[in-house]
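Below is one structure, written out as structure tokens; comments come after it.
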Amino acid sequence: MSHRSRSGGWAKRRASGRTNPAVVFAALGDPTRLALVTKLCGQRPYSISQLTRGSKLTRQAITKHLRVLESAGIVHGVRAGRESRFEFDPLPMEGVKRYLDLVSEQWDQALSRLMAFVEE
């Protein structure tokens with residue numbers, strides 16, 4: 001059984017630990033892709049057939065959504081014989097969390113300054 005990564009870019013992003021948060025937000029901006037990520041967070045790889053099961057979408061539609069997620073680094077595909085299995089990569093989400101924490105801190109500081117100004 002041959003195991004080979006489908007996305008050379010994934011390994012580079014993984015090594016650098018950097019993914020543009022805007023790319024991740026754009027990829028997650030679709031309900032179908034959010035549902036796929038939720039399913040893939042189960043800590044085991046899924047084939048396209050398994051991800052299609054129970055869905056009204058075709059294999060081609062699921063594949064298209066997986067490619068968007070893969071290009072954002074959120075999932076990666078691994079060839080196992082004749083089928084591809086996709087698994088979740090938490091690294092881009094950690095970068096998004098750091099970004100959201102930074103924005104949250106900035107808002108907290110702005111609100112504190114506003115409160116101090118109003119109370120004067």
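Just so you know, all these numbers are worked out from the coordinates, no wet-lab data involved. Computed from a predicted model, the values in this text were never measured in an experiment. Note: ideal-geometry Cβ built from the backbone for every residue, glycine included; neighbour counts use all protein chains shown.
So here's what we get for this one:
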item	result
Test: residue in region 55-68 that is assigned to a helix (DSSP H, G or I), out of contact with any Asp or Glu (no Cβ under 7 Å at 6 or more places or on another chain), among the charged types (D, E, K, R) and closer than 19 Å to PRO21 by Cα	yes
Candidate set: region 65-92, residues that are more than 16 Å from VAL24 (Cα to Cα), basic (Lys, Arg) and surrounded by 13 or more Cβ atoms within 10 Å (Cβ to Cβ); chosen: the one nearest to the chain's Cα centre (by Cα)	ARG85
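Yes/no per residue for (1) touching a residue at least 40 places away in the same chain (Cβ under 8 Å); (2) small (Gly, Ala, Ser):
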residue: SER71; (1), (2): yes, yes
residue: GLY95; (1), (2): yes, yes
residue: ALA110; (1), (2): no, yes
residue: VAL118; (1), (2): no, no
